[in-house]
Every structure is written in C-alpha cells, then in structure tokens.
Amino acid sequence: MAEVQLNGVTIAYQQLGEGPDLVLVHGLAASRAFWFLQYAMPLAKHFRITLFDLRGHGYSSMPPSGYEAIRAADDILGLLDHLGIADCALVGHSYGGGVALEFAGAHPERVNRLAVLDTKVNALQPSQRLSDSPYLSPFEVEVAHKSGHDWEQEQQVGLLFLEVLARWRTGGGGAELKDVFTPFGEGRGAQRTAKQYLELIDSTTALAEMVLPGIDGPAIAALPMPCLWIYGEWSRCMPSCRALSALRAADEFRIVPKGGHFFPISDAAIVMGWLKPFLGITEETAAAPLPGGTAES
C-alpha cells in the first residue's frame, strides 16, 4: 500500500499488473478490497490496475467535509497525475460509479472507457424509495420490521439501510442474516468497516453531501467515450438505469437477473463476462503470453 497527499486528504492506493491503465472505484462503506480477488487479480493479467480508498474509507483519511462526488473525482485527477497516467479505463460501483461519472464528465480526455455498476445518479434519481424495487429480501424485511423507521416515507432508503445495518453490526445484531443485498460481510473486518462508516456519517457532513445532484442528464448524454452500464434487476437504482438508457440508447446496458445492489460480489462471474469484452479482452488476448511467461491455460 502507498499513500499520497491530494487536496488536503491522504489517499491510500495500490497498483498491480502491467499494461493499459484500469482504475476501479469502490462504493460507500467499502474499500479498495471490494475489487481485489474477483476483479483486480484476474484483470491484472491484462492491465495495470489502480485501486484506491475513497476519502473517509479504508486507509484514506477522513476530512470533516468534502464528500460530494465531484470532490472525490478531484482526488482521482490528482492520483492519476501523481502516477503519470494520461488516460485510463474507469470502472465504478454504486457511489464509486457516481464518482467515475463526475470524473468522466469533467475530464473526458482522461477516460477511454467507462463502466458504471448499479449507481444511483442523483440528478436523474433525486430520491430512492422502498418501492423502487419490486422485491424485498428477507434481510430487508427484517430491518424494516425491527428498526422502527417508516421506510415507506424514507427518501434515501439506501443510505438509511447502510446506517441501520452498520449500527446492527457494531451492536452484535443481524450477523445471521445474509443475502445479496447485505454489505459489511463477516468477521472482524466487517465490524471494522461498519464502525468506520458510522464514524464517517456521525462526524462529517458526508450524508448531506453524497446526495447533491452532481452531473446532469445533458452532460451524461454528451460523454464521448464508450460506456457500459450494469444494473441489478432488483436494485433500487433501476430508475437511474431507465433514465440513462433514454439518454444513452446506443450504449451497452446489462441487467443482472435477480441482482441486488451488491451483485458485483454475489454475481462476479456474470459481471466479468460483460466487463472483459467491453475492456477489450477477447479469447485471443486472454490466451496471449504474459510478459516474461507463458500463456495461461
């Protein structure tokens, strides 16, 4: 792991592999570890992968403010400049997809391909309601029943769900309930991540800043690079997907069957099946000899 000071914030990052540059951006209540095993490791055979922790996450520092997506996009710009990366393919999940969108809109010359995975685009989907999904998982039913919140009236269900789950995890509850909708995983790492997320939302202005509108429809429509959009069939980000498909009808849109918000982990093989050809990995390139080695079997 390495660190760099950018925009008054310490950003932790790492690189692996060789080849064209590919940058992966994780979402809220996660870290660069989100990508490591199922994405960064296999893709490092074809790319130089850059992973980093968003401000307030992982081993990056936690400033008291500055959590709107455009500020995190500024961190990407600083990181690319620090690493001497002229342009890259950019992949983001959830809030990380919003950050990637902001960066692509502000610096289109630095992004040669953009893949967005289950991102709620605030300008296109200002609120996120319980009814934005046709399906409630058993865990969500349990949360809705026990948490005491009026979920039908909640305007940002995704953020509230993360908060409630983090408080349950740190209090020792909810560990027996797991499904494709459930963040924070298992073990001590899950406890640490939950505690860090609660520190973020309790001690900074992040909650108010993360729902600011950000990049708008015309700017998204004008993006010049090839774009891939992947959403979960049962995700509450589907209103964003529908709005994006109207703006970018010529792009590639993929829907993970019965996928929840965390399908990049639960359905990684499906996602990689779409992501690899979009990034230019064909059967021929997958079988090509690695630098200084032999072809993969």
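What tally of residues in the range 210-225 results from selecting those that are surrounded by fewer than 16 Cβ atoms within 10 Å (Cβ to Cβ) and either assigned to a loop (DSSP other than H, G, I, E, B) or touching a Phe, Trp or Tyr at 6+ places or on another chain (Cβ under 8 Å) (or both)? Working first, answer last.
Step one: of the range 210-225, the residues surrounded by fewer than 16 Cβ atoms within 10 Å (Cβ to Cβ) are 212-213, 216-218, 221-222, 224-225.
Still in the running and either assigned to a loop (DSSP other than H, G, I, E, B) or touching a Phe, Trp or Tyr at 6+ places or on another chain (Cβ under 8 Å) (or both): 212-213, 216, 222, 224-225.
Residues flagged as surrounded by fewer than 16 Cβ atoms within 10 Å (Cβ to Cβ) and either assigned to a loop (DSSP other than H, G, I, E, B) or touching a Phe, Trp or Tyr at 6+ places or on another chain (Cβ under 8 Å) (or both) within the range 210-225 amount to 6.
For (1) at pLDDT 95 or above; (2) assigned to a loop (DSSP other than H, G, I, E, B), each residue gets a yes or a no:
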{"position": "P239", "(1), (2)": "yes, no"}
{"position": "R242", "(1), (2)": "yes, no"}
{"position": "A246", "(1), (2)": "yes, no"}
{"position": "A250", "(1), (2)": "yes, yes"}
{"position": "G273", "(1), (2)": "yes, no"}
{"position": "K276", "(1), (2)": "yes, no"}
{"position": "A286", "(1), (2)": "no, no"}
{"position": "G292", "(1), (2)": "no, yes"}
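Please find, among V23, V4, V99, the residue that is β-branched (V, I, T), more than 21 Å from L162 (Cβ to Cβ), buried (at least 21 other Cβ atoms within 10 Å of the Cβ) and modelled with pLDDT of 95 or more. Outline the logic, then answer.
Values: V4 fails: buried (at least 21 other Cβ atoms within 10 Å of the Cβ); V99 fails: more than 21 Å from L162 (Cβ to Cβ).
Going through V23, V4, V99 in turn, just one is β-branched (V, I, T), more than 21 Å from L162 (Cβ to Cβ), buried (at least 21 other Cβ atoms within 10 Å of the Cβ) and modelled with pLDDT of 95 or more: V23.
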(message) Go through (1) surrounded by fewer than 21 Cβ atoms within 10 Å (Cβ to Cβ); (2) within 23 Å of A69 (Cα to Cα); (3) of a type in the set (A, V, I, L, M) for A269 and report which single condition fails.
(response) (2)
(request) Only residues in the range 133-149 that are within 23 Å of K258 (Cα to Cα) count as the first member; pair them with residues that are surrounded by fewer than 16 Cβ atoms within 10 Å (Cβ to Cβ) and of a type in the set (K, R), Cβ under 8 angstrom, at least 6 apart or cross-chain, and list the lot. (result) Y135/K258; F139/K178
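Of everything in the range 249-260, what is over 19 Å from E109 (Cα atoms), surrounded by fewer than 20 Cβ atoms within 10 Å (Cβ to Cβ) and in contact with a helix residue (DSSP H, G or I) (Cβ under 9 Å, 6 or more places away or on another chain)? Give them in sequence order. Steps first, please.
Quick first cut of the range 249-260, residues over 19 Å from E109 (Cα atoms) only: 249-250, 252-260.
With surrounded by fewer than 20 Cβ atoms within 10 Å (Cβ to Cβ) added as a condition, the list becomes 249-250, 252-255, 257-258.
E252, F253, R254, I255, P257, listed by residue number.
Filter the range 31-43 down to residues that are of a type in the set (A, V, I, L, M, F, W, C) and crowded, with 18+ Cβ neighbours inside 10 Å and give me whichever is farthest from G96 (Cα to Cα).
Our first condition is that a residue be of a type in the set (A, V, I, L, M, F, W, C); within the range 31-43, this holds for 33-37, 40-41, 43.
Retained after the next criterion (residues that are crowded, with 18+ Cβ neighbours inside 10 Å): 34-35, 40, 43.
Working: F34: 11, W35: 12, A40: 16, L43: 19 Å.
If we take residues in the range 31-43 being of a type in the set (A, V, I, L, M, F, W, C) and crowded, with 18+ Cβ neighbours inside 10 Å, then L43 is farthest from G96 (Cα to Cα).
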(message) Could you list, ordered by first residue, the pairs with Cβ atoms under 7 Å in which the first is in the range 198-209 and within 19 Å of F161 (Cβ to Cβ) and surrounded by 14 or more Cβ atoms within 10 Å (Cβ to Cβ) and the second is at pLDDT 95 or above and among the acidic types (D, E), at least 6 apart or interchain?
(response) E209/E68
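The values are calculated or read from the model by the stated rules, or taken from the named source; none is laboratory data. All values reported here derive from a predicted model rather than from experimental measurement. Note that each Cβ is placed from the backbone with ideal geometry, even for glycine, and that neighbours are counted across all protein chains shown.
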